[in-house]
Amino acid sequence: MSDSLDDDKIKQIVVKTVSYRKKIKQLLGLASLFFVLLGLVLGVWAFWIEPSRLVIKNVDLSIGKWHQEHNGLRIAILTDLHVGSPHVSLDRLAFIVSETNKQSPDLIMILGDTVVSSPNYKKFGFFAEPDKIAQKLKELKAPLGVIAILGNHDWWLDGTGNTLKTALEQVNINVLKNDSVELTKDGKSFWVAGLMDFWKRDDPPNIIKALAKTSDDPILMLSHNPDIFPEIPDKVSLTLSGHTHGGQIKLPFLGRPSIPSSFGQRYAAGHVIENNRHLYVSTGIGTSIIPVRFCVPPEIVILKIKKE
């Protein structure tokens, strides 16, 4: 009798074990399906949806070296357009221009890497002629004008950057190469200085040359690559940069896996203050090498500058 009971108990244990195993397999199957679906959703978001978005980021910036009369000056920043890369067609550029104009900025800055130049870009996208890009950008409107600098891709295009510079200047966009321009508003002046790209070794950025014409009025320094920021002198009120794309990927809890900077995360994005000197880095609009963005949407930045 006891042997029979023991057999029944053993059979029950075996049945329960088989049942548990089936449930575990079912749960593992559901979990696998969930992660596959999650991966697909994240992939569609990162490779298609987010790079196709456009965010208007309004940023209030208080700096010490600024005229009281220019409080509230609004600057639109466009950088790393990479026209021709996936998600940035000429039609898309026209839309970006239209959205920028809707913000009614006082001044518009284009901070470099406007074109597509490298084989990796062309593999995923197409090559947009600088003249065609300029024809879209000529529609940008601001009372104080449009000022541009060159990025590494702009000078990789022809080794000098002159192809894009000429195209932009033909539509009245001022391109600064280690030079500066004086702007006047409400009877007060400020300067905009623009540097050659930090990676251009045969015609490198020359801060002394770029600032040679400037006075004691406030100075905005444009540098495509923010890595030059430690060399910018105290007399500069604010440095504006792009280049990093914010890493293009920003993972929850883990941050940005890769930044094209010798300083790592230090100048990845946003407002940086070091020794009372100010830097703002925009994460830009286009994509670099891999056409992906995750938690770093394409952005037009509208800086509203006030005196500290």
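The values are calculated or read from the model by the stated rules, or taken from the named source; none is laboratory data. From a predicted model like this one, the values you see are computed outputs, not experimental measurements. SASA here: full protein model, heavy atoms, side chains in, ligands and nucleic acids out. Shrake-Rupley method; radii C 1.70, N 1.55, O 1.52, S 1.80 Å.
Taking amide H as placed 1.01 Å from N in the peptide plane, Glu299 has its amide H under 5 Å from the amide H of Val55, Gly284, Ile285, each at least 5 places away in sequence or on another chain.
How large a share of the accessible area of the chain, in percent, is made up of carbon and sulfur atoms when the probe is 1.4 Å and the other protein chains stay in place? Write down the numbers at each step before the final one.
Details: 8460 of 14800 Å².
Heavy-atom surface of the chain belonging to carbon and sulfur, 1.4 Å probe: 57 percent.
For the range 249-266, backbone phi angles converted through the Karplus equation (6.51, -1.76, 1.60; θ = phi - 60°) give residue-by-residue couplings of 10, 10, 8, x, 6, 9, x, 9, x, 8, 10, x, 8, 5, 9, x, 7, 4 Hz, Gly and Pro being listed as x. With 32 Å as the limit on Cα-Cα distance, the pairs of Lys65/Lys136; Lys57/Lys177; Lys200/Lys250; Lys102/Lys209; Lys141/Lys307 that go past it are Lys65/Lys136; Lys102/Lys209.
Accessible surface area normalised per residue over the range 113-248 is 40 Å², counting heavy atoms of protein chains with a 1.4 Å rolling probe.
Report, in deg cm²/dmol and to the nearest 500, the calculated mean residue ellipticity at 222 nm for the chain, where each DSSP H run with n ≥ 4 adds -39500 (n - 2.57) and the sum is divided by the residue count.
Numbers: 7 runs with 88 residues, N = 308.
Per the formula, -9000 deg cm²/dmol.
Across the chain, Cα pairs under 8 Å and at least six residues apart give a relative contact order of 25 percent. Under 5 Å from the amide H of Gly112 lie the amide H atoms of Asp80, Ile149, each residue being 5 or more positions distant or on a separate chain, with H modelled from the backbone and absent for Pro and chain starts. Taking all protein chains as they are arranged and a probe of 1.4 Å, the heavy atoms of Arg266 leave approximately 110 Å² accessible to solvent.
Listed by chain and number, the aspartates and glutamates placed with their C-alpha closer than 13 angstrom to that of Lys188 are Glu69, Asp216, Asp217; residues fewer than eight positions away on the same chain are left out.
Once the chain is represented by equal point scatterers at the alpha-carbon sites, with solvent omitted, what log10 I(q)/I(0) does the Debye formula produce at q = 0.10, 0.16 Å⁻¹? Each listed q maps to, in turn, -0.56, -1.31. In this structure, the amide hydrogen of Ser85, modeled 1.01 Å from its nitrogen in the peptide plane, lies closer than 5 angstrom to those of Phe126, counting only residues at least 5 positions away or on a different chain.
What is the extension gain from Glu182 to Glu169, computed as 0.36 nm multiplied by their sequence separation minus the C-alpha to C-alpha distance, in nm to one decimal?
On the way: separation 13, 0.36 × 13 = 4.68 nm, distance 1.71 nm.
That works out to 3.0 nm of additional length.
When the Karplus curve 6.51 cos²θ - 1.76 cosθ + 1.60 is applied with θ = phi - 60°, which whole-Hz ³J(HN,Hα) does each residue of the range 51-62 get, with x for Gly and Pro? Here the 3J(HN,Hα) series is x, 8, 7, 8, 9, 9, 9, 8, 10, 8, 10, 9 Hz.
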